[in-house]
Structure formats: structure tokens, C-alpha cells
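Structure first, then comments.
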Amino acid sequence: MALAAALEGQLQLREVSGIPLQASTVDNWSQIQNFEAKPDDLLICTYPKSGTTWIQEIVDMIEQNGDVEKCQRAIIQHRHPFIEWARPPQPSGVERANAMPSPRILRTHLPTQLLPPSFWENNCKFLYVARNAKDCMVSYYHFQRMNQILPDPGTWEEYFETFISGKVGWGSWFDHVKEWWEIKDRYQILFLFYEDIKRDPKYEIQKVMKFMGKNLDETVLDKIVQETSFEKMKENPMTNRSTVPKSILDQSISPFMRKGTVGDWKDHFTVAQNERFDEIYRQKMKGTSIKFLTEL
Ligand SMILES: Nc1ncnc2c1ncn2[C@@H]1O[C@H](COP(=O)(O)OS(=O)(=O)O)[C@@H](OP(=O)(O)O)[C@H]1O
């Protein structure tokens with residue numbers, strides 16, 4: 001009974017400055033906020049379900065000059081420590097990052113206001129990937145269905161309301177995307193879109209390569225495009241989360257590498273939901289210049 005209650009407590013999200021986060025992250029909050037970034041750190045930043053794993057594999061392939069074997073050295077979650085990850089007794093994201101040699105590549109879903117301040121103080125490089133809200137919501141819904149350590153999403157109709165109100169892990173998609181977009185010219189931020197990577201992966205991979213200060217030839221770039229395709233990454237145990245126990249990610253409910261497309265929202269949103277969403281989107285995103293593709 002006590003164990004069940006404790007587990008239930010861990011499934012609840014708890015807020016830091018109004019942003020819902022996993023309880024274990026909140027328990028570890030002072031370690032996260034005191035994280036010491038270094039000037040040559042590169043931080044991959046995303047709202048959940050926006051193509052984090054995809055960009056991580058792209059970045060690692062670039063870093064390893066297209067050497068597939070080197071990218072097989074560890075699961076993707078361990079190659080780039082997840083700063084706010086905390087799940088004792090495993091090492092936390094901060095502990096993994098502290099144990100890593102420089103130059104480090106790290107990742108986070110944190111909104112700008114919750115980022116450990118040392119990232120700003122050290123003028124680190126940030127690589128932000130945004131995904132259109134509708135596909136992001138669909139992907140997050142299926143992820144919460146299969147993720148046994150996040151709250152149950154309920155029905156699609158219920159989740160639609162939860163997502164719009166920002167009562168999901170890492171908070172409101174609208175605020176997250178808007179805030180990172182607004183500061184993009186004040187820091188070293190490369191801002192990319194999931195839909196652009198899908199449409200023209202080679203072109204976007206080249207942008208990442210330049211941002212990382214690397215220079216790879218055409219054949220290597222072509223190989224990176226191929227190796228980071230959805231189909232390849234779905235079969236790759238180092239990227240498809242197949243090593244994560246079923247008690248955490250139950251892929252029989254929904255695979256982690258689910259569809260990897262632009263426009264899957266059309267198979268989920270009713271006409272009424274779509275109209276309502278578009279209206280809410282207009283209100284919440286008023287005044288921002290960011291533009292998303294919702295189909296290709
Ligand atoms: N290579 C490649 N190409 C296209 N799409 C890809 C790729 N790799 C991952 N994905 C899709 O990205 C979604 C998962 O997002 P994240 O990696 O950000 O998830 S997480 O927040 O880290 O849990 C999830 O999207 P959905 O399929 O729509 O659910 C993944 O399938």
C-alpha cells in the first residue's frame with residue numbers, strides 16, 4: 001500500500017514556478033539549478049515530442065564524422081545527458097554530465113526561465129527544435145499512454161484540454177516555443193523546425209554541421225541523412241528505446257518511434273477540435289513572428 005502510494009506520488013507532476021515537472025525532477029531541483037555549464041557545451045533544447053531523439057542522432061553523427069560504429073557506443077539517452085533527469089538510484093542527468101569530458105553535448109526540455117543560469121552566463125550554444133503544436137500534441141498523447149511514469153492521459157478529448165491548458169510535463173507548448181523563439185537572436189541559438197528537417201534533411205543537417213563548426217563532405221552528409229531516417233532509427237536499438245524496461249515505456253501500447261510524420265494530427269483532430277485549436281492558437285501566439293507548417 002505504501003509502495004503504491006509512493007509510486008502514485010511519483011506519477012504526479014509537481015510545479016516549479018508554475019511549470020509542471022516530474023516529481024523526481026522537482027526533488028532534485030537545487031542540483032539542477034546549480035549545474036555548472038561550460039563555455040563549450042552544446043545544449044539540445046526541445047519541447048517534448050518535437051524530434052529530440054532525431055536531432056540528437058544527427059548531432060552525434062556529425063560529431064563522429066559519420067562513423068556509425070561510434071554512434072553505437074551507447075543508447076542515445078546516455079550519449080547526451082538529460083539535464084533535468086533524476087531517477088534514483090540511477091545517476092541523475094547532472095551527475096552524468098559532470099562525469100563527461102568536454103566538449104559536452106547535453107539535452108533539456110526546460111523552458112527558458114527554468115534553465116540553469118550557468119548556460120546563459122557561459123554563452124553556450126543552443127540547438128532548439130520546434131514541432132508544430134498539433135502533431136506535437138498527438139505524439140505526446142501516445143507517449144503518455146505508453147509511458148508508465150507519466151500521468152495517464154485519459155481519453156483523446158480529455159488530453160486535448162490538458163495539452164491546451166499547459167498542464168502537461170514541461171508546461172505549455174505555446175509559452176515554450178514562443179520564449180525560445182523570442183530570445184533566439186540574443187544568444188547563440190540555432191532554431192530549427194521538425195517539418196523542415198523532414199522536408200529537406202540534408203539542408204538542415206548542413207546548418208547543424210556549420211553551427212557545430214564542422215565541415216563534412218557530401219558523401220558523409222548523405223550517409224547521415226540515410227542513417228537518421230525514421231526507418232533506420234526505428235530499427236536501431238540505440239535510438240528506439242527498446243532497452244528501456246516495459247515498466248517505464250510499454251511499447252506494446254504505442255512504439256516510441258511511432259510514425260515520424262507531419263500531419264498525423266488530421267487522423268486525430270475532429271473538425272470542431274481543429275477550429276477551436278486554431279482560434280486558441282491565434283490568441284496564444286498573437287504578436288510572435290514564428291510560422292509552422294502543419295502539412296508537407
Ligand atoms: N528519424 C526520425 N524522423 C522523423 N521523426 C522521428 C525520427 N526519430 C524520432 N522521430 C519522432 O519524434 C517523436 C519523438 O520525439 P522526441 O524524440 O522529442 O521525444 S522525447 O520528448 O524525447 O520523448 C516521435 O513522433 P511521433 O511518431 O509523431 O510520435 C518519433 O517518431
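Every number in this text was worked out from the coordinates using simple rules, so none of it is lab data. In this text, all values refer to a predicted model and were calculated from it rather than measured experimentally. Neighbour counts run over all protein chains shown; Cβ positions are idealised from the backbone, glycine included.
Below is a table of values for the structure above.
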read-out	value
Structure-based [θ]222 nm, the chain - -39500 (n - 2.57) summed over DSSP H runs of at least 4, per residue, nearest 500	-12000 deg cm²/dmol
The range 230-272-the range 21-84 distance, computed between alpha-carbon centres (Å)	19
Flagged links, alpha-carbon separation over 26 Å, of Lys38/Lys291; Lys49/Lys246; Lys38/Lys210	Lys38/Lys291
Length added when fully stretched, Gln12-Gln251, from 0.36 nm per residue minus Cα-Cα	83.9 nm
Formal net charge of residues neighbouring His78 (Cβ-Cβ distance under 15 Å; K, R +1; D, E -1)	+4
Debye intensity ratio in log₁₀ form over the Cα atoms of the range 7-86, taken at each q of 0.21, 0.23 Å⁻¹	-1.09, -1.18
Relative contact order for the chain, counting Cα pairs under 8 Å that sit 6 or more residues apart, in percent	24
Listed peptides 180-189, 197-206, 271-280 by packing density, highest first (mean Cβ within 10 Å)	197-206, 180-189, 271-280
Share of Cα-Cα pairs in the range 11-157 lying beyond 26 Å, as whole percent	26
Alpha carbon convex hull of the chain, volume per residue in cubic angstrom	134
Ordering of 159-171, 256-268 by burial proxy (mean other Cβ atoms within 10 Å per residue, highest first)	159-171, 256-268
Extended-chain gain in nm, criterion 0.36 nm per residue less alpha-carbon gap, Ile280 and Lys38	83.2 nm
